[in-house]
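First the structure, in the form of structure tokens, and then the observations on it.
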Amino acid sequence: MMDDFKNEKRLHRRYAFQIVLQIREMLQALPSLVDIDVPEGKHFTVCGDVHGQFYDLVNIFQLNGLPSEDNPYLFNGDFVDRGSFSVEVILTLFAFKCMCPSAMYLARGNHESKSMNKIYGFEGEVRAKLNDKFVELFAEVFCCLPLAHVINGKVFVVHGGLFSVDGVKLSDIRAIDRFCEPPEEGLMCELLWSDPQPLPGRGPSKRGVGLSFGGDVTKRFLEENKLDLVLRSHEVKDEGYEVEHDGKLITVFSAPNYCDQMGNKGAFIRFTAPDMKPEIITFSAVPHPQVKPMAYANNFMGLFS
């Protein structure tokens, strides 16, 4: 399937349908906060936003090996939108999850939502490459994606960031009823949308949704939940990653030369048990067919993106 996608071939709708229905069933059974156990001596890789950049996703697998039980991955949201190979990305990630559930973990990002998909290209791409029925089906499956992961009780992995209030426990995240479109406020919204800031305390978000939170907020959250590190994505970084908040927070972003114009590197992070120290690997963009980002976006928005 991946070879066909590389050669710009499509997957028959029948098979796409099987993959998406199977993944829906698998994701529905998961909790909102998933615990991942990495056995001693084994490693685990976390990737950030891929944003429909299928050829860069293939490159990650070439650099770091295909997903398998011995080489598991977590993709931390924003699989789709902007890049114009989002259908290929999502079907590849979903197919690996179906084939070997322990090889592939998937978290929801702020772009796994109807409102974003309508504007930033995924909905139009699904209509073009599959059909209208799949638009609804993907929207339904995105509502089943877990909101956060904890690796070996040490590393908290979430797409966006932390909260507008102190005292949020992992049990509060487990208790979120996630089977909906993301709300405009509250814990689920903040998990998907928030960003770190250099100053302590909290401030308004530059995105108009969620908030900005300082190193003191990160430190308190980690202490209260007996964790070592917050690992998040959600922001393009020149080097593909950034370490902030006295080393307690790392951003990882896996879409190099984002939207064909940012010139940034991509990165992924490997952890090896038991010490779970982050090993950061960066990489550059690879060529892709001449289809521009946002090629399937709502034209009105396309003018302004």
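Which helices, counted as full DSSP H runs in the chain, have an axial Cα extent of no less than 18 Å and a Kyte-Doolittle average of -0.5 or above? Working shown, then result.
Values: long enough: 13-28 (22 Å, -0.09); 86-99 (19 Å, 1.67).
Those that clear 18 Å and a mean of -0.5 are 13-28, 86-99.
More than 25 angstrom separation, counting every C-alpha pair in segment 1-152; what % is that? Each step should come with its number before you reach the end.
On the way: 2564 of 11476 pairs.
The share of Cα pairs beyond 25 Å in segment 1-152 comes to 22 percent.
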For this session: Give the cross-link partners of LYS169 among the lysines, using a straight C-alpha distance below 24 Å as the criterion and excluding same-chain residues fewer than 8 apart.
Result: LYS154, LYS219, LYS226, LYS248, LYS277
For this session: Please grab the % of Cα pairs in the chain that end up more than 25 Å from each other.
Result: 44
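Whenever you get a sec, compute what percent of the accessible area on segment 1-90 sits on carbon and sulfur atoms (1.4 Å probe).
Values: 1710 of 3790 Å².
Roughly 45 percent, rounded to a whole number.
First compute the accessible area of segment 96-204 with a 1.4 Å probe, then give the percent of it belonging to carbon and sulfur atoms. Let's see the in-between values first.
Working: 2330 of 4030 Å².
Exposed carbon and sulfur together represent 58 percent of the surface.
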Exercise. Can you list residues whose amide H is under 5 Å from LEU211's amide H, if they're 5+ apart or on another chain and H is modeled 1.01 Å from N?
Worked result: SER194, ASP195
For this session: Just grab the label-to-label distance for LYS133 and ASP260, each label 7 Å out from Cα along the Cβ direction, in nm (one decimal).
Result: 3.3
Exercise. Using the heavy atoms of the protein chains alone and a 1.4 angstrom probe, what is the accessible area of the chain per residue in square angstrom?
Worked result: 42
Problem set entry | Sites ARG13 and VAL243, calculated FRET efficiency, Cβ-Cβ separation with R0 41 Å, nearest 0.05 | 0.40
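Of all beta bridges DSSP finds with both residues in the chain, what is the antiparallel percent, to the nearest 5? Mind dumping the intermediate values first?
On the way: 22 of 41 bridges.
Around 55 percent of the beta bridges assigned by DSSP in the chain are antiparallel ones.
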Seminar exercise, completed: Computed from the beta carbon distance with a Förster radius of 25 Å, FRET efficiency for LYS292 and GLU184 to the nearest 0.05 stands at 0.20
Exercise. Computed FRET efficiency, Cβ-Cβ of GLU223 and GLU140, R0 41 Å: what is it to the nearest 0.05?
Worked result: 0.65
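Work out how much length LEU30 to ASP275 would gain on full extension: take 0.36 nm times their residue separation and subtract the Cα-Cα distance, in nm to one decimal. Let's see the in-between values first.
Working: separation 245, 0.36 × 245 = 88.20 nm, distance 2.66 nm.
Difference between extended and current length: 85.5 nm.
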Seminar exercise, completed: Listed residues ASN110, ASN257, ASN64; largest mean-square fluctuation, Gaussian network over the chain with Cα springs below 10 Å, found at ASN64
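The values are calculated or read from the model by the stated rules, or taken from the named source; none is laboratory data. On a predicted model such as this, the values are computed, not experimentally measured, just so you know. When we count neighbours, we look across all protein chains shown, and the Cβ atoms used for this are built from the backbone with ideal geometry, even at glycine. To get the accessible areas, we keep the full protein, side chains included, count just its heavy atoms, and leave off ligands, DNA and RNA. Shrake-Rupley method; radii C 1.70, N 1.55, O 1.52, S 1.80 Å.
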